[in-house]
Amino acid sequence: MATTAAPPATGKLVGKRLRRKEDPRLITGTATYVDDIKLPGMHHACIVRSPYAAARIKSIDAKAALETPGVVAVYTGADTKEVGPVPCGASLPGLRVPHHYILATDRVYFVGHPVAVVVAGDKYVARDAADSIEVDYDVLPAAADPEKALTPGAPAVHPEWPDNTAFTYHQEGGDIAQAFAEADVIVKQRITSQRLIPTPMETRGVVADWKPGDKALTLYSSTQIPHLLRSLVAGMLGLAENKTRVVTPEVGGGFGCKLNVYAEEALMSFVSMKLGKPVKWIESRRENYVATIHGRGHVDYLEIAAKKDGTILGLKLKLIQDLGAYHQLLTPVIPTLSVLMMPGLYRFRNVTADIVGVFTNCVPTDAYRGAGRPEATHAIERMVDMLAAELKLDPADIRLKNFIQPEEFPFATATGLTYDSGQYDLPLRKALEIGGYAALRAEQQTARVAGKLMGIGIATYGEICAFGPSPATPAGGWESATVKVDPDGKVTVLTGSCHHGQGEETTFAQIAADELGIGLDDVVVFRGDTAIVQYGIGTFGSRGTAVGGPALYYALQNLKKKLKRYGESALGSDDVRYEAGQCICNKTGKTASLAQLAGASYRALKLPPDEEPGMQTTFFWEPPNFTFPFGAHLVVTEIDRDTGRIEIKRYVAVDDCGKIINPLIVDGQVHGGVAQGLGQALYEQVVYDDNGQLLSGELTDYAIPKATMMPWVESHHTETPSPVNPLGVKGVGEAGTIGCSPAVVNSVVDALSSLGVRHLDMPLTPEKIWNVIQQGARA
Amino acid sequence: MIPHSFDYAAATSFADALEQVAAGAKPLSGGMSLIPMMKLRLAAPERVVDLGRIQGLNYIHQDQAGIHVGALATHFEVETSALLRAGCPLLSETAGWIGDVQIRNRGTIGGSVAHADPSADYPAALVALDARIVVASKRGGERTVGANDFFVDALTTAAEPDELVKEIIVPVETMGTSYQKLLQPASGFAIVGVAARIGQDGHGRLGVTGLGARPILITDATDLAALNTTEANSDIHAASAYRREMAKVYARRAIAAARARA
Amino acid sequence: MKRTITVTINGETRSDEIEARLLLIHYLREVVGLTGAHIGCETSLCGACTVELDGKAVKSCTMFAVQANGRSLTTIEGLAKNGELHPVQEAFWNEHGLQCGFCTPGMIMASKQLLERNPNPSEGEIRHGIEGNLCRCTGYQHIVNAVRTAAERMK
Amino acid sequence: MKIAGTQTLPLSRECAYRAMQNPDVLVQCMPGCESLEATGAQEYAMKMKMALAAISGQFQGKVKIADAAPPERFKLIVEGTGKIGFMKGEGALELTEAGEASTQVTYEGDVQVGGTIAAVGQRLIDTTAKMMIRKFFDKLVEVTAGMR
């Protein structure tokens, strides 16, 4: 266990295990999250939501609510029809996009659908009044299961599209027919990736503050994308962007579910504009589970074709994506990311994929940690294991045999990507070595003889990170950074990234401090206020450091050029270098400190030729490609025959996220990612009944991992720099999640293989395993 | 998250509490079950009487009748009581399985027993222990009910609406004991929990929680056949068949652990 | 009907007139203005609202403020003394025991309680001691490290 | 949620059948039922107050008897909505003679629950539904005791 300490005063900080700059406010309870904001005259909103998955609204009676002392307004869908719609940022050919009003108008489409909003000076009063609103519903049959929704005669989610199909999408590469014709073996399997609830510990929250005098809106929101939110909410309300300011205070976790624009963000703005008062809405956990996006929701039908020696030739996929009732910001594009990742780390070039996007009477799905890539990786890694089992090959050997080799990079995949760099065997070999693979297999033999169910699971993964080149993203894939040096020589970084727990106040300060040769404490990193920070894209898709970092790097290079020109002016020489916080004349050795140079720039008395006053640079960096981190996870499990409970005996994670800026933070990202992958593998599961009622509607019934449910993660790394950016970084936010679930499931299936088990769908609950063991015992 | 309005009064004594309950107030003890339900508006009592300020009702003491645990003893107090750990370790062990640290700090044995949640932990131990539950009312004074008669149905006890649990009396242990629990991972409630009291000869009794609407008493631990036919709960976390089998598995485990301590 | 309660919070005694149904967490956050404790659920499972009541860690969302009348509370804001972080706070910082920080105040309060009752906890005991506190970011491992190093410091 | 079970009533089949169609009997036997008002042939508006320990809530709904085939079988449909959620139960009841003045009632049906009770009460719904059915039949035996 490595203990960290305060950073060294000088010296190279990148690569050091440093504690975070942002923590003092967080550990003392003095940080400001949305719910901590209190504005003069602030009102509180409570939202009335549909208890039905599908129903016609016959009438809404808000009389009692309006008569409740302290209630100032009630709005329903009839009042808000002109606002919006809630935006879908995705475009696919033939995509059916239902009009998504911010409040339901004549019909509700999922449990949790907002129907009315009550506003009062006191939130207890607002809650009471919300209870008194009578909504008369004509309940309709619902479609809650995506495969059932596709069957003829299923209830239509949107009556205008009776087949419940929002889109179909086809992509192929290579010659799949040839691959399957040449194959010695074809393995087929249906694999699901169940719906999950992102569950950041902080639910969503909004404070909207309309200033009637300025005709300007300030919107405080717990979001991952302040600038995009500003653009889109301004559009929904018909406001100018320069009269719309989004402030993102501390964000208590996002995991993709705050990479969105929600009805409530526009609704609170609408209410504040109507009332001329600030209005706060904080989502309850109940609401969070029914009204914030869910993730995953895949049913995949896969076929893998291979030669007898294990050489993979091709992969076919039919992907049924449960979209929910509407498209949120990125809903329909998430499964297309799964298709991009289909080849994994393997050399085969023949793939074909068909996606059917299905409407259901459930809350929309959208990006959740990994967004499409965990689903793809899980499916591929399960298929590779099944292929290995079929061919009686070792799962490690079959992977090593099929990996793209280091000399093949940049590698063009069958799905149109260009992998940047990789030494795919390194993390696997390292994981096998750390785990003691050969000894584990021997132990497994002994355990089997003794009647024990011990499993060893391997998953290797490739990830597509650093979203992304602008042509590949709906809103632009660049990122921005501004570096300002104040007259006293202290440095402020304004980043368009909007970190929310990833530690970029520290990693970005490490980068800036190193480039400028100053101390970590001399740098402040600021994000999340559109009135202060230049336009940015935000933090998601493991892009914070991988796109925001290089933007900062280039801004720093330009700043250093500027400093050098001021140095030349100050030192009266054209042979000057910038180093260690000062300009040094190479001839005389005379120096001018950063503070002197910055001071001079603001005094502007000796301006260098063609130079403007002030010491500030801004850089918008467009990445030339994605980055492709990779890794290998090895999991040892033992199953209790009597109960079906799975115990994780070892968890070895070897992740290659390119250059590491701060190992402490990278480990934290891996641990957290593994926890969410493990949640999917073993515990988490959204349960809707046939009527679209969410049965796993609270933390009492939806099991996110607790401390007692997590194994010790042995986290290790290899470092293969990315050539895509000057920092060599690749991104690590989603790695743990992607590597985890297939490694765990492969391990459990391995443990049960002696009973004839070849595949199990997640989550691997004790009951499911126990049932399998009973069947095995009977067989 | 926001409860309905209610009238609140803190009972100044147990007698005062009985009076208020007789007048229709809902008793609030640790609040670990009641307050979440009030926040979700599943419960909306008009009047609440807070038992939390009654002095001295969290006692744990021993006499010839056994060990007396006052209704307001918290799960933490039961878990850590030296007297119980020595004299009735099953009750302490069971208390340690309830909820989490914060819940054990606030939740009381009287509140839990009165609530009679079908997945709660205490009922298993109490029926295995043949504990006696003393209830009291203004109307009828005190009466003692055996644990197996006390738990009537889901969330339903033998206590009348105007009666409060005053204390629980458990025997001073002469057998080996153990509580074994299969947790529902989200809520921490028992899918099944089995409390065993077993002698060196392997004979003894069991209490099972989580399986049915009320705790199940098995008076002959060598015969688990009763578990095959008991009505078994089913929910999204465990179907009846699995619950039933797990009741047997955890019974065997509890018996083995208890016997090892006998 | 409103009533007056008197509470000592982080060493300072104050009186406020409140509704009986006001939850302690809302009292602390909105009446007193101490927003360190957070609300992450309504079913008493997440522990983000954990504070100390008369020296015991409690979930302040599962108490009415009236129940705290006459009692003493310590919140995350009261842990650092004279600008010195509490050893548990320091350890969470050093070991990266937090990411988004939302669960952190409650997690620190629970960890403090754990170490007061068990100054030398094993890994398993640490995990059990904080099972009433959910964290979605860290996977708990660095939190376990933090509690271990805090235990060392506090010896 | 599927429900199924059998219950023996100490009544002749005709008697049992009549009792179970009688709104005055139903109002007494359905747990928490406060009133049944006829709104059509074998269709009633129902007011119900559910009280289970601390859980309580008012429900408004309807009770309907369908597919009546006296004295052998009928369908009982109960719907209720309230602030804490809604429920809809549909059960097919079959009455068979089980000796003199004894009737076996076999029921099979489906209960839907929604709203807060469904989302947070998973652990208790199955248990509670079974308890309600148990209470219904216990009360039915009690209420019909004099009808033999």
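The values are calculated or read from the model by the stated rules, or taken from the named source; none is laboratory data. What you see is a predicted model; the values in this text were computed from it and never measured. In this analysis, Cβ positions are derived from the backbone assuming ideal geometry, glycine residues included, and neighbour counts consider all displayed protein chains. With ligands, DNA and RNA removed, areas are computed over all heavy atoms of the protein, side chains included. Shrake-Rupley method; radii C 1.70, N 1.55, O 1.52, S 1.80 Å.
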* Kindly check whether there is at least one residue in segment B:121-136 that is open to solvent by 20 Å² or more (accessible area, probe 1.4 Å), more than 30 Å from C:Gly55 (Cα to Cα) and either in the same structural domain as B:Ala213 (by TED's automatic domain parsing) or not in a strand (DSSP E or B) (or both). => yes
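Taking the condition among the β-branched types (Val, Ile, Thr), closer than 23 Å to B:Ile109 by Cα and not assigned by TED's automatic domain parsing to the domain that holds B:Ala71, does B:Val165 pass?
The answer is no for B:Val165.
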* Please state which of the following conditions C:Leu34 fails to meet, knowing it meets all the rest: (1) at pLDDT 95 or above; (2) more than 9 Å from every other protein chain (Cβ to nearest Cβ). => (2)
* Residues located in segment B:4-43, provided they are out of contact with any strand residue (DSSP E or B) (no Cβ under 9 Å at 6 or more places or on another chain) and open to solvent by less than 40 Å² (accessible area, probe 1.4 Å) -> B:Pro36, B:Leu40
* Is it true that C:Gly47 is in a loop (DSSP other than H, G, I, E, B), more than 7 Å from every other protein chain (Cβ to nearest Cβ) and either of a type in the set (A, V, I, L, M) or on the phi > 0 side of the Ramachandran plot (or both)? -> no
* Asked: Does A:Lys280 satisfy the condition of being within 14 Å of chain C (Cβ to nearest Cβ) and either open to solvent by 10 Å² or more (accessible area, probe 1.4 Å) or assigned to a strand (DSSP E or B) (or both)?
  -> yes
* Please work out which residue is farthest from A:Leu315 (Cα to Cα), limiting yourself to segment A:405-430 and to residues that are among the aliphatic types (A, V, I, L, M) and open to solvent by 20 Å² or more (accessible area, probe 1.4 Å). => A:Leu426
* Asked: Which number in (1) open to solvent by less than 10 Å² (accessible area, probe 1.4 Å); (2) assigned to a loop (DSSP other than H, G, I, E, B) marks the one condition that B:Leu206 misses?
  -> (2)
* To do: Those residues that are crowded, with 21+ Cβ neighbours inside 10 Å and either in a loop (DSSP other than H, G, I, E, B) or on the phi > 0 side of the Ramachandran plot (or both), I need them from segment B:58-80; list them, please.
  => B:Ala71, B:Leu72, B:Ala73
* Structure fact -> Taking segment C:101-155 and keeping only residues that are surrounded by 24 or more Cβ atoms within 10 Å (Cβ to Cβ) and charged (D, E, K, R), one is left with C:Arg136
* To do: Run A:Pro623 past the list (1) more than 14 Å from every other protein chain (Cβ to nearest Cβ); (2) outside any helix (DSSP H, G or I); (3) open to solvent by 10 Å² or more (accessible area, probe 1.4 Å) and report the number of the one that doesn't hold.
  => (3)
* Could you list, in sequence order, the residues of segment A:387-404 that are in a loop (DSSP other than H, G, I, E, B) and open to solvent by less than 10 Å² (accessible area, probe 1.4 Å)? -> A:Ile404
* How many of the residues making up segment D:134-148 are open to solvent by less than 30 Å² (accessible area, probe 1.4 Å) and either at the interface with chain B (Cβ under 8 Å from one of its Cβ atoms) or within 17 Å of D:Met48 (Cβ to Cβ) (or both)? -> 2
* Which ones in segment A:735-779 are open to solvent by less than 50 Å² (accessible area, probe 1.4 Å), farther than 15 Å from A:Met383 by Cα and either among the small types (Gly, Ala, Ser) or outside the structural domain of A:Glu719 (by TED's automatic domain parsing) (or both)? -> A:Ala735, A:Gly736, A:Ala751, A:Gly776
* To do: Would you mind stating whether B:Asp162 is surrounded by fewer than 22 Cβ atoms within 10 Å (Cβ to Cβ), touching a strand residue (DSSP E or B) at 6+ places or on another chain (Cβ under 6 Å) and more than 23 Å from B:Val249 (Cβ to Cβ)?
  => yes
* Asked: Taking the stated definitions as given, is A:Gly213 farther than 20 Å from A:Ile102 by Cα and either in a loop (DSSP other than H, G, I, E, B) or open to solvent by 10 Å² or more (accessible area, probe 1.4 Å) (or both)?
  -> yes
* To do: Can you work out which of the residues in segment A:39-66 that are aliphatic (A, V, I, L, M) and open to solvent by 30 Å² or more (accessible area, probe 1.4 Å) is farthest from the other protein chains (Cβ to nearest Cβ)?
  => A:Leu66
* Could you look through segment A:171-192, keep only residues that are open to solvent by less than 80 Å² (accessible area, probe 1.4 Å) and part of a strand (DSSP E or B), and pick out the one that is farthest from A:Asp145 (Cα to Cα)? => A:Val185
* Which numbered condition C:His26 fails, given (1) within 21 Å of A:Val34 (Cβ to Cβ); (2) open to solvent by less than 20 Å² (accessible area, probe 1.4 Å); (3) not in a helix (DSSP H, G or I) -> (3)
* To do: Hey, can you tell me all the residues within segment A:291-306 that are under 24 Å from B:Lys39 (Cα atoms) and either over 19 Å from the mean Cα position of the chain (by Cα) or of a type in the set (S, T, N, Q) (or both)?
  => A:Thr292
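Residues checked against (1) open to solvent by 20 Å² or more (accessible area, probe 1.4 Å); (2) more than 30 Å from A:Val744 (Cβ to Cβ):
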residue	(1), (2)
A:Met454	no, no
A:Thr473	yes, yes
A:Gly476	no, yes
A:His500	no, no
A:Ala512	no, yes
A:Asp521	yes, yes
A:Val525	no, yes
A:Ile537	no, yes
